[in-house]
Every structure is written in C-alpha cells, then in structure tokens.
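The structure under discussion appears below in the form of structure tokens.
The values are calculated or read from the model by the stated rules, or taken from the named source; none is laboratory data. Values in this document were obtained by computation on a predicted structure and should not be read as measured data. Heads up, the Cβs are rebuilt from the backbone with ideal geometry, glycines too, and the neighbour counts pull from every protein chain shown. Side chains included, ligands, DNA and RNA excluded: accessible areas come from the protein's heavy atoms. Shrake-Rupley method; radii C 1.70, N 1.55, O 1.52, S 1.80 Å.
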Amino acid sequence: MSDINSNIPEGELTQKWTKFKSSVALVNPSNKRSIEVIVVGSGLAGASAAATLAEMGYKVKCFCFQDSPRRAHSIAAQGGINAAKNYQNDGDSTYRLFYDTIKGGDYRAREANVHRLAEVSTNIIDQCVAQGVPLAREYGGLLDNRSFGGTQVQRTFYAAGQTGQQLLLGAYSALERQIGMGKVEMYTRHEMLEVVKIDGKARGIIARNLITGQLERHFGHAVVLGTGGYGNVFYLSTNAMGSNVTAAWKAHKQGAYFANPCYTQIHPTCIPVSGDHQSKLTLMSESLRNDGRIWVPKKKDDNRKPTDIPEDERDYYLERRYPAFGNLVPRDVASRAAKERCDAGYGVGASKLAVYLDFKANTERYGKIEASKAGNHNPDKETCMRLGTAVIKEKYGNLFDMYAQITGENPYETPMRIYPAVHYTMGGLWVDYNLMTSVPGLYCTGEANFSDHGANRLGASALMQGLADGYFVLPYTIGAYLSKEISVKAIPTDHPAFVEAEAKAKGILDTLINIKGTKSVDHFHKRLGLIMWDKCGMSRSEQGLKQAIEEIRALRAEFWRDVRVPGTSDELNTELEKAGRVADFIELGELMCIDALNRNESCGGHFREEYQTEEGEALRDDVNYAYVAAWEFKEGVNFELHKEELKFENIKVAQRSYK
Amino acid sequence: MSTGNMNLTLKVWRQKNNKTAGALVDYKVTDISPDMSFLEMFDVLNEQLINKGEEPVVFDHDCREGICGMCSMFINGRPHGPKDLVTTCQLHMRSFKDGDTIVVEPWRAAAFPVVKDLAVDRSAFDRVIAAGGFISVNTGNAQDANSLPIPKMQADAAFEAAACIGCGACVATCKNASAMLFVSAKISQLALLPQGQPERYRRVQSMVAQMDSEGFGNCTNTGACEAECPKGISLENIARMNRDFASAKFISEETV
C-alpha cells in the first residue's frame with residue numbers, strides 16, 4: 001500500500017547499516033571543498049551535523065535564531081541519553097534497545113531506522129566522553145547509569161539533571177572549533193523563512209537577519225533542517241519560548257511531506273499550571289520516577305496535607321495497574337493514568353489537576369544504606385531521612401531547587417505536585433532511510449523529523465536520536481546525494497528562484513505588519529493552544545477533532561484579519577517573529593487534527609476515545625493503520641495523504657503490555 | 001488559579017538600536033501574581049503596551065527554565081535580580097512586594113553592546129570558545145568511553161565548572177567587565193579532565209588572548225562574579241586559569 005519509497009537498503013536488519021556505510025558513494029576531499037551545505041538549527045541534531053560535515057571537509061553555513069548556538073533547546077533536556085553499552089551487565093544489547101524503542105513507540109516506527117539508531121548509540125557516548133563531556137561517574141572512575149521508562153535495564157547515561165546541557169555544549173564546542181577554523185560560517189539571530197528550490201532540488205534558503213530585518217539569500221548544494229519539534233503549537237509546553245515549526249513548515253509547503261503530525265508526547269511529570277499568566281511549563285525529569293512514587297488519595301476531594309495522609313489511604317495507581325513496570329511505565333501510559341485519576345475526581349492541589357510524586361520511601365531507603373555504610377545498622381528514622389536527603393540532593397538537586405523556586409514549596413519535605421504537559425513531538429518532516437525529505441537535497445534531522453520514535457518516544461531517546469543523526473548518520477547518508485552533485489557550481493543568488501522566494505517571504509512579513517488589527521499575537525497563540533489541548537491533546541474523539549478543525553479554520557481567518565504587529569520589518573521586531581511562527585502553527589494545528597481524525601485507532605501518544613480496551617489501554621488497529629501518514633501540502637491550506645507501510649520482519653507485533 | 005494583587009512601578013531601559021541613545025522609561029503594571037515569573041510579568045507589560053499601540057520591550061529569553069542562559073536583565077542593580085543562584089526567568093514575583101519600584105537595565109559592558117532595549121550582543125563569548133574552548137577530536141575518533149576511568153571527584157569538579165550557562169552575569173556585575181569567570185570555567189572543565197591535557201596550555205593562551213581582544217576588563221579579585229553567578233561557578237576557576245596561564249609561559253614552545 002506504500003506510495004512512497006523509504007529507500008531502506010536490502011539485506012538482513014543487523015547488516016543494513018554496515019553494508020550501506022561500506023557501499024555508499026564517497027565525495028573526494030577536493031570536491032568536498034567546493035560543496036556547500038546549509039544547516040538550519042544548532043541544537044544536538046544541527047550542531048553535531050554542522051561540526052561533523054565541516055570536519056569532513058564540506059563548506060558549511062549554520063543558522064540559529066538565538067543569540068548563540070549554545071542556546072538551542074536541546075540544552076534543557078534533563079534526564080539522560082540511552083546507549084546499549086551494557087556497562088551494567090544487566091543483559092542490554094543493540095537488539096534490546098531496538099526492541100524497547102519499537103515497542104515503546106507502539107509499533108509505529110521503521111525497523112531499519114531504529115536498529116541503526118541502536119547500533120550507533122554506543123558511539124555517541126564514546127564521542128561525547130572524548131569531547132570532555134562530564135558524564136556522571138562512579139567511584140571506580142567508570143560511567144554511571146540510571147533507569148528510564150519503558151525499559152528493564154539501566155542504559156541511561158547522565159550528567160546530574162543537566163544531560164542535555166552538557167551534550168549540547170559538547171556539540172557546540174565541536175561546532176565552535178570549526179567556526180574558529182573558518183570551516184563553518186555561523187549565522188546567529190537569523191531565522192529561515194523559505195526553502196529555495198531549483199529544478200525540484202533544495203538549493204538554498206531565505207533567512208531573515210533578526211537584528212536588521214534584512215532578508216538574505218544563501219546557496220547550498222543541500223539543506224539540512226535540524227530545527228526541533230512543534231510542541232509550542234499547544235502554546236503551553238515544556239519547549240522554549242522560541243521553539244517553532246516555521247522552518248519545517250516552510251519546507252512542507254515546498255513539497256516536503258509532514259509525517260504523523262498527531263503523534264505528540266505528553267510528559268507525565270511537569271509542574272502544574274499555576275495561573276492564566278503561565279507562559280511555559282517546566283518538566284521534572286523522568287529520572288525522578290526512578291526514586292519517586294506516584295500517588296493520589298484513595299478518597300475523593302481529600303484536602304488533607306499529603307504528609308498527613310496515611311500510607312493505607314494512598315493509591316499508588318501506577319504500581320497497582322502496572323506491577324511489572326510500576327512507576328517506570330512509558331510516558332504516554334503514565335500521562336493517561338494521571339489524567340484518568342484526575343478526571344475521576346482524585347486530583348490534588350488547588351486546581352485538582354495534579355498528582356503527587358513522593359520521594360519519602362526512597363529517601364529513607366537511601367538513608368538506611370548510607371547509615372549502614374557508616375557502620376550504623378539500626379538507624380532511627382530521622383537519621384535515615386537526613387542521610388537520604390543528601391543522596392537525593394546529589395542526584396536531583398537542581399530539579400528540586402527548580403521546583404522550589406517555581407512553586408514556593410519545599411519538595412524535600414512535601415511531595416511534588418505534578419501533571420502531564422506537552423513535551424515532545426514524534427511527528428515531523430517525513431524522511432527516507434537517508435534522512436532526506438521528499439524534496440531532493442533537503443534533509444531533516446533530530447526531533448524535526450518523524451523517523452525513530454513511532455507513536456511514543458521513550459525517555460532519554462531524544463538526545464540519542466539527535467546526536468545519532470548529526471554525528472553518525474547524516475554525514476554518511478548525505479554523501480549518497482552530494483556525490484552526484486560535484487559538478488554543480490555554486491548557483492548565484494540572483495537566480496530567479498532566489499528572487500522569487502525572497503519576494504514571497506517579504507510578502508508575508510509585509511502582510512503581517514499591515515493588518516494593524518486589534519489583538520496581539522499571543523492572544524491568538526493562546527486560543528490555538530486551548531483548542532489543541534482540549535481536542536487534540538491527551539485524548540481525542542471524532543466529534544472533538546471535527547469541531548477543532550472548524551475552530552482552527554475560523555481562528556486562521558481571524559488572525560489574518562485582526563492580528564496586531566507593532567513596529568516595522570526592517571528592525572529587531574520580536575512580535576513580527578512570533579506572528580510568522582503563530583501563522584504557521586495555526587496551519588499545522590489543523591493538519592494535526594486532520595491526521596488524528598484520519599487515524600481511527602489509538603497508539604502511543606495518540607489516544608482516540610473510541611478505540612480503547614476494556615481496561616482503558618490504547619487499542620491499535622494493525623490491519624488498517626500500520627502505516628506512516630505522510631501529508632502533502634496542497635494549494636490553499638489542503639493536505640493529501642500518502643502512506644508508507646510499516647513492515648515488521650524482526651519483531652512480533654503485539655499489544656503493548658507493561659503489566 | 002491565583003490572580004494577583006501586586007501593583008508595581010517599572011523603570012525600564014529603552015533603546016531603539018546600538019546607534020541611538022537610550023533612557024529609562026516608567027511603566028505601571030497592576031494585578032501581578034506572586035506566582036508569576038519575572039519574565040511573565042514582562043509579558044503582562046508587553047501585552048499592555050501592544051494593546052495601547054506602543055512597541056513592546058525587547059528582551060532576550062528562551063527556555064524559561066534557567067538553563068539556556070539567554071535571559072539577561074539587570075534588576076535593581078543586580079544581574080538576574082535579588083535572589084542568589086537563579087536566572088531572571090526563574091525569579092518569581094513573590095520576591096517582590098506590592099508597591100515596589102523595580103529598575104530594569106540591560107547587561108552593561110563594552111564587549112556586550114546593546115542590540116535593542118534589554119537585549120545585548122554576547123557573541124564575544126562564542127568567539128572566546130571558538131579560540132580554544134574545545135578538545136580537538138573529530139567525530140569517529142573516539143575509543144570506548146570506559147577505557148578512560150576518571151576519578152569521580154575530578155569528574156564532579158569538571159562538571160561543576162561545566163555548569164556555566166554563558167549568560168554573562170559575571171561580566172555585567174564586574175566593575176571591570178571582566179569575563180574571567182566565564183573563560184576560566186571552560187578552561188577548568190577541560191584542564192581537570194585527562195582528555196583536555198594535550199591542548200591544556202595552548203588552550204589557556206589562545207582563549208585568554210581572545211578574551212583580551214574582545215575588550216573585557218581584567219580581574220581584580222572582588223568576587224562579584226561568583227556572588228552573582230546563577231550557577232554558582234566558583235572563583236577557584238579563575239585561580240586555576242591564572243596558574244595554567246602562568247605555567248604556559250614556562251613550557252616549551254612545542255608544547256604550547
């Protein structure tokens with residue numbers, strides 16, 4: 001049933017990547033010097049690709065909208081990065097990481113891509129350590145690991161609660177090294193506003209210098225987008241304020257298919273919304289579920305302080321429903337279970353939209369171990385709590401501080417209140433095995449593509465994928481394309497395609513400035529977010545999605561009639577930047593609802609109320625929906641569905657069970 | 001859902017671009033909730049300005065969870081405001097009182113020119129890193145990660161130095177606009193690790209040279225940088241950098 005070609009190499013699963021690497025066409029060093037590659041985005045997927053391509057000898061231009069490539073939102077990833085090192089001798093292997101990822105993704109990811117990801121996962125850790133990334137270590141001097149959701153091994157490497165920061169700074173330093181050597185030209189405070197296509201191939205971009213407002217034309221033999229996810233379509237998410245879909249959406253409008261847009265990840269452990277002023281949500285790392293137990297009171301509307309509720313009046317609902325995985329079930333399962341309890345009236349806190357994440361039991365357990373190490377085999381409770389708190393502090397200190405700062409409560413004394421929030425988007429631009437979109441010469445890496453996580457991403461796998469794509473996959477696969485482009489000379493940017501693309505970008509900016517309506521950009525963004533959260537969030541229904549599509553269309557019309565963007569386009573104008581991004585989010589929101597409506601099944605992060613088991617678990621339909629939904633943009637704002645059939649030849653597809 | 005009842009007077013630095021002069025402008029904000037972050041309070045101000053047909057205040061911000069290092073407000077004479085160990089985005093309005101007047105300025109340093117209003121250009125930091133803040137290892141050259149055991153104490157110390165978010169508060173608070181805390185944090189991280197040894201002395205020399213050429217001032221050991229650093233980067237790093245810088249002079253030309 002596929003009508004698109006994923007270009008997966010022939011051969012046995014475990015040999016595909018090895019064979020590909022040894023047989024892919026190469027570009028000789030003197031030709032590399034005259035081949036230019038544009039990389040948009042400087043997060044894990046962008047910076048690692050830009051640095052590696054430059055090391056290989058290509059001429060690279062890298063773009064980011066922030067003031068420095070080090071600000072990219074990868075920096076905020078807290079918990080860790082998976083790798084099948086089996087350093088803990090707990091039975092891990094490439095196959096198990098592959099299997100866990102396919103199962104965690106609810107059997108909606110491509111086997112070949114995921115196996116490749118598992119294969120290169122170990123190289124990432126080696127590379128990062130060689131760069132001086134200070135990952136956590138044990139007293140013997142070797143690397144430490146911890147557990148994450150959806151697995152039964154400890155394969156997660158980490159640097160306290162700042163793993164993303166440390167990995168990104170590693171990639172950033174590799175990138176800066178190339179910048180210093182003149183091999184990468186870095187364009188900070190630049191936003192990509194258009195992909196330039198010549199004879200059907202991506203040949204450059206139009207970027208806006210955000211300080212001067214000037215539109216610039218940049219040529220590249222190929223263009224790589226590592227521009228992150230689209231979670232901010234919900235307005236409130238754990239994404240950075242600037243995270244946006246614009247680069248990917250412009251590419252989509254130029255012919256790149258957008259795959260599985262409805263697969264969004266709602267992370268179970270975030271700090272609950274405190275009021276209408278809220279601008280973003282803050283994640284409390286999944287790693288906390290290693291040591292925290294999640295519960296709600298057994299009694300409805302129990303207004304006692306959590307510390308006053310005795311043990312036998314607490315419902316540890318994850319441990320009750322999923323004894324095998326307990327608090328470490330995958331994110332989609334944990335989020336829905338929290339919503340179920342709150343909807344049923346057991347929520348806590350002022351809004352009743354929260355559950356407790358409690359560290360008391362493990363604090364005491366750690367304290368006992370510490371006391372025992374010091375020779376005290378019968379410590380009192382107070383000693384245990386004191387010693388245990390020190391252990392917890394070392395593991396999660398920065399997260400606890402952040403929680404205290406945001407909520408004004410002390411999480412060492414009282415359980416955290418948490419609630420699910422939008423965190424990651426598994427959908428993204430459709431790419432083939434080579435990470436090339438449906439536009440030749442246009443590549444997409446990291447969260448911006450759709451390829452590896454199926455319908456639900458496992459914790460600590462985003463960092464892995466971003467760096468796998470950038471360091472170890474794209475630099476090889478792009479050779480397959482560029483080796484055929486060596487005779488193409490740099491195309492002058494007065495080519496009509498550049499002129500036209502620039503005029504188009506300018507037209508949109510001018511329109512936005514000239515509407516001079518009555519409502520701010522944020523006003524529209526918040527309204528879009530509410531529609532998306534209510535009707536295309538943690539659970540979806542046919543009726544709700546149909547309504548949402550109507551509401552979004554009306555909102556789009558109103559936006560283009562009544563948005564107010566102060567200032568001009570030839571200066572630093574943050575409202576203009578936001579307006580362009582929100583305009584794209586509105587169109588994307590509609591596509592997400594269309595995709596969710598099309599998918600008459602529940603899988604991973606996509607939960608359709610009509611399709612659930614008697615126990616309320618997601619009910620897949622493998623006969624009709626074991627495909628990637630790749631949408632093509634059509635004139636107006638219309639979308640045509642293409643299907644890539646998913647073939648599972650190495651894994652037996654089963655109902656996911658974490659019980 | 002708390003709606004707030006704090007009323008505040010803001011004195012905010014407004015400057016159209018780096019070619020024009022700026023000035024403090026007074027604004028009133030009302031019904032501020034103590035649960036808002038400082039930047040959410042600025043969102044309220046900006047929404048108010050937009051509704052009145054005025055231009056909103058430009059300020060740098062992105063992650064709003066204290067890690068990207070982009071936010072950079074000088075609040076009542078202190079970078080990131082009155083609380084220790086937090087960035088502006090993690091500063092909450094419960095740290096202020098109803099009726100307060102709050103002065104908000106951009107980072108001030110010759111090496112950090114104002115871009116617009118409260119946003120400044122910190123690209124000098126990137127150029128210092130590009131001069132040597134890395135280990136020269138190409139992708140694909142690495143050995144197995146556990147073939148190089150590193151004592152935990154040493155790894156932890158490197159991690160503490162690596163926690164720097166590059167926000168520039170150290171420069172902004174320093175009377176000399178010195179970048180020594182920032183530069184020494186990166187130098188320390190790499191000097192503390194075995195991977196960083198081959199380029200150790202060459203690195204300190206080239207990064208310090210770049211730091212000087214960017215127009216940052218020198219260090220006179222007042223320690224304001226350490227006191228104001230939202231990530232608690234220690235002054236010891238500067239001592240380590242100075243030792244390495246001095247040692248580099250006595251090491252043969254080939255090594256450096």
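For the structure I just gave you, tell me whether residue B:59 is within 24 Å of residue A:65 (Cβ to Cβ) and within 10 Å of chain A (Cβ to nearest Cβ). Quick ask: steps written out before the conclusion?
Values: within 24 Å of residue A:65 (Cβ to Cβ): yes; within 10 Å of chain A (Cβ to nearest Cβ): yes.
In short, yes.
Could you tell me which residue of region A:172-219 is surrounded by the fewest Cβ atoms within 10 Å (Cβ to Cβ), considering only residues that are of a type in the set (A, V, I, L, M) and facing chain B (nearest Cβ under 10 Å)? Before the answer, list the steps.
Within region A:172-219, the first condition is being of a type in the set (A, V, I, L, M), and the residues that meet it are A:174-175, A:179, A:181, A:184, A:186, A:192-193, A:195-196, A:198, A:202, A:205-207, A:210-211, A:215.
Of the ones still in play, those that are also facing chain B (nearest Cβ under 10 Å) are A:174-175, A:179, A:181, A:184, A:186, A:210-211.
Working: A:174: 29, A:175: 32, A:179: 23, A:181: 12, A:184: 28, A:186: 23, A:210: 21, A:211: 18.
Of everything passing the filter in region A:172-219, A:181 is surrounded by the fewest Cβ atoms within 10 Å (Cβ to Cβ).
So if I check each of A:112, A:84, A:118, A:77, which one is among the aliphatic types (A, V, I, L, M) and either within 28 Å of residue B:64 (Cβ to Cβ) or not assigned by TED's automatic domain parsing to the domain that holds residue A:434 (or both)? So that I can check it myself, show each step before the final result.
Details: A:112 fails: either within 28 Å of residue B:64 (Cβ to Cβ) or not assigned by TED's automatic domain parsing to the domain that holds residue A:434 (or both); A:84 fails: either within 28 Å of residue B:64 (Cβ to Cβ) or not assigned by TED's automatic domain parsing to the domain that holds residue A:434 (or both); A:118 fails: either within 28 Å of residue B:64 (Cβ to Cβ) or not assigned by TED's automatic domain parsing to the domain that holds residue A:434 (or both).
It is A:77.
Where residues in region B:13-36 are of a type in the set (S, T, N, Q) and touching a strand residue (DSSP E or B) at 6+ places or on another chain (Cβ under 7 Å), which of them is nearest to the other protein chains (Cβ to nearest Cβ)? Break it down stepwise before answering.
Of the residues in region B:13-36, the ones of a type in the set (S, T, N, Q) are B:15, B:17-18, B:20, B:30, B:33.
Retained after the next criterion (residues that are touching a strand residue (DSSP E or B) at 6+ places or on another chain (Cβ under 7 Å)): B:15, B:17-18, B:30.
Details: B:15: 11, B:17: 7, B:18: 9, B:30: 13 Å.
Looking at the filtered set, the residue picked out is B:17.
For region A:312-331, check the following and say yes or no: at least one residue is surrounded by fewer than 23 Cβ atoms within 10 Å (Cβ to Cβ), in contact (Cβ under 8 Å) with a residue 12 or more places away in the chain and among the β-branched types (Val, Ile, Thr).
Within region A:312-331 (the criterion being surrounded by fewer than 23 Cβ atoms within 10 Å (Cβ to Cβ), in contact (Cβ under 8 Å) with a residue 12 or more places away in the chain and among the β-branched types (Val, Ile, Thr)), the answer is no, since none of the residues qualifies.
Hey, residue A:299 hits all of (1) open to solvent by 10 Å² or more (accessible area, probe 1.4 Å); (2) touching a residue at least 60 places away in the same chain (Cβ under 8 Å); (3) part of a loop (DSSP other than H, G, I, E, B) but one; which does it fall short on?
(2)
Please find, among B:45, B:39, B:10, the residue that is over 15 Å from the mean Cα position of the chain (by Cα), open to solvent by less than 10 Å² (accessible area, probe 1.4 Å) and facing another protein chain (nearest Cβ under 10 Å).
Checking each option against the conditions leaves just B:39.
Test residue A:434 against the criterion of being open to solvent by 10 Å² or more (accessible area, probe 1.4 Å), free of Cβ contacts under 8 Å to residues at least 12 places away in the same chain and either not in a loop (DSSP other than H, G, I, E, B) or not aliphatic (A, V, I, L, M) (or both), and give yes or no. So that I can check it myself, show each step before the final result.
Details: open to solvent by 10 Å² or more (accessible area, probe 1.4 Å): yes; free of Cβ contacts under 8 Å to residues at least 12 places away in the same chain: no; either not in a loop (DSSP other than H, G, I, E, B) or not aliphatic (A, V, I, L, M) (or both): yes.
When the stated conditions are applied, residue A:434 does not pass them.
So that you can scan it fast, the table gives a plain yes or no per residue for (1) within 14 Å of chain A (Cβ to nearest Cβ); (2) among the hydroxyl-bearing types (Ser, Thr, Tyr); (3) under 21 Å from the mean Cα position of the chain (by Cα):
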{"position": "B:165", "(1), (2), (3)": "yes, no, yes"}
{"position": "B:168", "(1), (2), (3)": "yes, no, yes"}
{"position": "B:181", "(1), (2), (3)": "no, no, yes"}
{"position": "B:210", "(1), (2), (3)": "yes, no, yes"}
{"position": "B:222", "(1), (2), (3)": "no, yes, yes"}
{"position": "B:240", "(1), (2), (3)": "no, no, yes"}
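Do we find a residue being crowded, with 24+ Cβ neighbours inside 10 Å and of a type in the set (Val, Ile, Thr) anywhere in region B:141-164?
No, the conditions are met nowhere in region B:141-164.
If a residue has to be under 28 Å from the mean Cα position of the chain (by Cα) and more than 23 Å from residue A:244 (Cα to Cα) to count, how many in region A:27-50 make the cut? Full working, then the answer.
From region A:27-50, those under 28 Å from the mean Cα position of the chain (by Cα) are A:36-50; that's our starting set.
Filter once more, keeping what is more than 23 Å from residue A:244 (Cα to Cα): A:36.
Number of matching residues: 1.
Has region B:123-140 got any residue that is open to solvent by 40 Å² or more (accessible area, probe 1.4 Å), farther than 30 Å from residue A:474 by Cα and not assigned by TED's automatic domain parsing to the domain that holds residue B:86?
Residues of region B:123-140 that are open to solvent by 40 Å² or more (accessible area, probe 1.4 Å), as a first pass: B:127, B:136, B:138, B:140.
Right, trim to farther than 30 Å from residue A:474 by Cα and you get none.
No, region B:123-140 has no match at all.
Among A:35, A:75, which is the only one that is touching a Phe, Trp or Tyr at 6+ places or on another chain (Cβ under 7 Å), of a type in the set (A, V, I, L, M, F, W, C) and modelled with pLDDT of 95 or more? First the steps, then the outcome.
Details: A:75 fails: touching a Phe, Trp or Tyr at 6+ places or on another chain (Cβ under 7 Å).
The match here is A:35.
With respect to residue B:118, is the statement that it is within 14 Å of another protein chain (Cβ to nearest Cβ) and surrounded by fewer than 24 Cβ atoms within 10 Å (Cβ to Cβ) true? Walk me through how you get there before you give the answer.
Working: within 14 Å of another protein chain (Cβ to nearest Cβ): yes; surrounded by fewer than 24 Cβ atoms within 10 Å (Cβ to Cβ): no.
Spelling it out, it is not the case that residue B:118 is within 14 Å of another protein chain (Cβ to nearest Cβ) and surrounded by fewer than 24 Cβ atoms within 10 Å (Cβ to Cβ).
Give the residue that is nearest to the other protein chains (Cβ to nearest Cβ), with candidates limited to residues of region B:100-115 that are surrounded by 23 or more Cβ atoms within 10 Å (Cβ to Cβ) and in contact with a Leu (Cβ under 7 Å, 6 or more places away or on another chain).
Residue satisfying both the conditions and the ranking: B:106.
Tell me yes or no: at least one residue of region B:92-99 is open to solvent by less than 20 Å² (accessible area, probe 1.4 Å), over 28 Å from residue B:210 (Cα atoms), in contact with a helix residue (DSSP H, G or I) (Cβ under 8 Å, 6 or more places away or on another chain) and at the interface with chain A (Cβ under 8 Å from one of its Cβ atoms).
Taking every residue of region B:92-99 in turn, at least one turns out to be open to solvent by less than 20 Å² (accessible area, probe 1.4 Å), over 28 Å from residue B:210 (Cα atoms), in contact with a helix residue (DSSP H, G or I) (Cβ under 8 Å, 6 or more places away or on another chain) and at the interface with chain A (Cβ under 8 Å from one of its Cβ atoms).
Table: residues versus (1) open to solvent by less than 10 Å² (accessible area, probe 1.4 Å); (2) under 14 Å from residue B:157 (Cα atoms); (3) in contact with a helix residue (DSSP H, G or I) (Cβ under 9 Å, 6 or more places away or on another chain).
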residue: B:199; (1), (2), (3): no, no, yes
residue: B:209; (1), (2), (3): no, no, no
residue: B:212; (1), (2), (3): no, no, no
residue: B:215; (1), (2), (3): no, no, yes
residue: B:229; (1), (2), (3): no, no, yes
residue: B:232; (1), (2), (3): no, yes, yes
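Across region A:490-509, what is the number of residues that are assigned to a helix (DSSP H, G or I) and touching a His at 6+ places or on another chain (Cβ under 8 Å)? Let's see the steps before the verdict.
First, the residues of region A:490-509 that are assigned to a helix (DSSP H, G or I): A:496-509.
Okay, now just the ones that are also touching a His at 6+ places or on another chain (Cβ under 8 Å), so none.
Of the residues in region A:490-509, 0 are assigned to a helix (DSSP H, G or I) and touching a His at 6+ places or on another chain (Cβ under 8 Å).
Got a sec? Which of A:165, A:154 is in contact (Cβ under 8 Å) with a residue 60 or more places away in the chain and in a loop (DSSP other than H, G, I, E, B)? Reasoning before the result, please.
On the way: A:165 fails: in a loop (DSSP other than H, G, I, E, B).
Going through A:165, A:154 in turn, just one is in contact (Cβ under 8 Å) with a residue 60 or more places away in the chain and in a loop (DSSP other than H, G, I, E, B): A:154.
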